[in-house]
1. What residue, among those in the range B:1-10 that are within 8 Å of chain A (Cβ to nearest Cβ) and surrounded by 14 or more Cβ atoms within 10 Å (Cβ to Cβ), is nearest to residue B:93 (Cα to Cα)?
2. Got at least one residue in the range B:210-218 being outside any helix (DSSP H, G or I), over 24 Å from the mean Cα position of the chain (by Cα) and more than 28 Å from residue B:91 (Cα to Cα)?
3. Go through the range B:180-206 residue by residue and tally those that are under 16 Å from residue B:226 (Cβ atoms) and surrounded by 17 or more Cβ atoms within 10 Å (Cβ to Cβ).
4. Take residues that are out of contact with any strand residue (DSSP E or B) (no Cβ under 7 Å at 6 or more places or on another chain) and surrounded by 15 or more Cβ atoms within 10 Å (Cβ to Cβ) and tell me which of the helices (runs of 4 or more DSSP H) falling wholly in the range A:192-282 contain 1 or more.
5. Check whether at least one residue in the range A:212-219 is under 26 Å from residue A:277 (Cβ atoms) and in contact (Cβ under 8 Å) with a residue 60 or more places away in the chain, and report yes or no.
6. Of the residues that sit in the range A:60-93 and are out of contact with any helix residue (DSSP H, G or I) (no Cβ under 6 Å at 6 or more places or on another chain) and assigned to a strand (DSSP E or B), which one is farthest from the other protein chains (Cβ to nearest Cβ)?
7. Here are B:140, B:95, B:111: which of them is part of a helix (DSSP H, G or I) and within 14 Å of chain A (Cβ to nearest Cβ)?
8. Just the residues that are touching a helix residue (DSSP H, G or I) at 6+ places or on another chain (Cβ under 7 Å) and within 14 Å of chain A (Cβ to nearest Cβ), please, taken from the range B:56-85.
C-alpha cells in the first residue's frame, strides 16, 4: 500500500474535525477525497503531506509516518500547491530547473525541457512567473509538484478558479501522470463531476467521516436513491418515488392504459444522492 | 548547501534586474549621499572634525545593520505568499531557503554599501583613506552581519503579516536615533547613551569609524577609544544569541506552515485589497 490511513482523528481545541478516517491506496491508484467545504479534506491531505500533526490514528505514506518523514522520504512525495504570487520574479524554466536540483541527491529529476513540454509551458519557459495567466500558473504548480518524479502526488482542490477549458486540460494532465508514470495520486475536490472523471476510487468525506467509498459505478449502486415518476390521469397529477421505475410504469399502463398522460420518469443522478448524503450528515 | 547558494545568487541577480527593487537599492544610498552633501562642510562642535566625515562611516554601519530589517521583511513576505511553503515541500528546501536568503540579503547589502561608499569617498573630506584599516572594516562588517541577520530572521518569524512588519520600523528608527549614527553618542544624555550602546547598530557604526577615520578622530568617541575589544564582544554576544535562538524560532515557524495557512493569509490579503 502506498497510503495507509487507519482510525485518523484530528482535533482543534475541543472541536473534532476528523473522526475515525480510514482508507488505503494502491500503487498507481487515483483517489479523490470528495466532500463539501469544511468536511476535513484539506486537514486530511495536510496530515498525509507531513504539514500537520494528527491527534490520533495510524498514518503511513510510502511506509513512513509523515510526522517522522526525513528528506529522502520527502523527495518521493510531490505536492501541488495553489500558488498565488510566490517566486514572481523567477523565470518559469529557471524555477523548475532550480527546484529539480533539490532532488538530484535522491533520484533523477525530470529534465526541465521535457517537463515544460508535458505541462504545455514550453513557450513560456523564459517568462517571469508573475506574467503568467491563472491557468498557466496552475500548470506550473503541477510541474513543480512532479519535478522530482514522485511516487505519490497530493493535490488539494487543484482546479478551484479554473475555467472549463483549463479544467479539462488539467484533467488530461493528471490522468496521463497516473497512466504513464504510475504515480499514486490523492486529490481533494468538492466537485463530484471532477472526482468521477479523474479518480479510480472516490471517498466521500462529510463532517469528518468517510460516508461512502468506491468507483463512480459502485457509488451509484451503493447509494442510488429512488427514481421519481410523475403522471396524470384524467387531468389529475400524481407522483411516486420508486426504486424500480420501469416495473412501476409497466404496471401503470396495465392499470390505466390510455388514460395515462404527461408521463415523466426522472432518474436520480449520483449528484442528487451525493448531495442528499452530505445534507444528511450536516 | 549548493542549492541554497544557487538560490541566493539567483535572487540577488533578480533584485538588481527589476525596476522596483533596483529603485529601493538606490533610494537609501542616494538620500544618504544627499544628507552627506549638506553636512560635508559643517564642523562637529569645536573638535575641528567635519561632521560629514564622521557621518559617512556611521551611515555605512547603520546600513549594514539594516540587513536585519530586510531579512525580517523578506521572511514575512515569503511566508505570506507561499514561497516558504514551497521550500518546505521539497527535500532540504528549508535549509536551502535560509542559506539562499542569507546569501541574497548579505550580497545585496554589500552592493548597497559600495553604492554608498564609492561616491561618498569623493564627496566627503577628512577620511583617512591612506591609512584606512580595511581589515577592520571587513571584520566589523562580517561580524556585524552574523550578529544582525539571525535577529532579522527571528523578527521575521515572529511577526506574521506585512502589516505588523511595519510596526518594527518605529523602534528601529528610535534605535538609530540613539545609536550615534548622525550625531556622536557622547552628545546624548547619559541614559540614552547607555541604551544606544546595547545595540549592534552603535557598534557597527563605531567599527566603521575606526576603520575609515584618521586616528585623531578617536577623541569624539566614548572614553576616547575605538574599543575594538568591546565591539567584538557585543557583536559576538548578539551573534551567539541570534544563532542559538534563530533555529528554534525558525523551526517552530516552519512546522506551522501548511497550504491552508497560506490560503487563509491570501484570503485576508485579498480582502485588504478589495
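The values are calculated or read from the model by the stated rules, or taken from the named source; none is laboratory data. What you see is a predicted model; the values in this text were computed from it and never measured. Every residue, glycine among them, receives a Cβ derived from its backbone with ideal geometry; neighbour counts consider all protein chains shown.
1. Within the range B:1-10, the subset within 8 Å of chain A (Cβ to nearest Cβ) is B:2-3, B:6-7, B:10.
Now restrict to residues that are surrounded by 14 or more Cβ atoms within 10 Å (Cβ to Cβ): B:3, B:6-7, B:10.
Numbers: B:3: 9, B:6: 12, B:7: 10, B:10: 15 Å.
The selected residue is B:3.
2. Filtering the range B:210-218 down to residues outside any helix (DSSP H, G or I) leaves B:213-214.
Adding the requirement that they be over 24 Å from the mean Cα position of the chain (by Cα) leaves B:214.
Those left that are additionally more than 28 Å from residue B:91 (Cα to Cα): B:214.
Among the residues of the range B:210-218, at least one is outside any helix (DSSP H, G or I), over 24 Å from the mean Cα position of the chain (by Cα) and more than 28 Å from residue B:91 (Cα to Cα), which makes the answer yes.
3. Taking the range B:180-206 as the starting set, the residues that turn out to be under 16 Å from residue B:226 (Cβ atoms) are B:180, B:184-186, B:197, B:202-206.
This time we only want the ones that are surrounded by 17 or more Cβ atoms within 10 Å (Cβ to Cβ), so: B:180, B:184-185, B:197, B:202-206.
Here the count works out to 9.
4. On the way: elements: A:192-198, A:216-223, A:245-256, A:270-281.
Filter on the range A:192-282 gives A:192-198, A:216-223, A:270-281.
5. Yes, because at least one residue in the range A:212-219 is under 26 Å from residue A:277 (Cβ atoms) and in contact (Cβ under 8 Å) with a residue 60 or more places away in the chain.
6. Residue satisfying both the conditions and the ranking: A:60.
7. Numbers: B:140 fails: within 14 Å of chain A (Cβ to nearest Cβ); B:111 fails: within 14 Å of chain A (Cβ to nearest Cβ).
Residue meeting the stated conditions: B:95.
8. B:74, B:75, B:76, B:77, B:78, B:80, B:82, B:84, B:85
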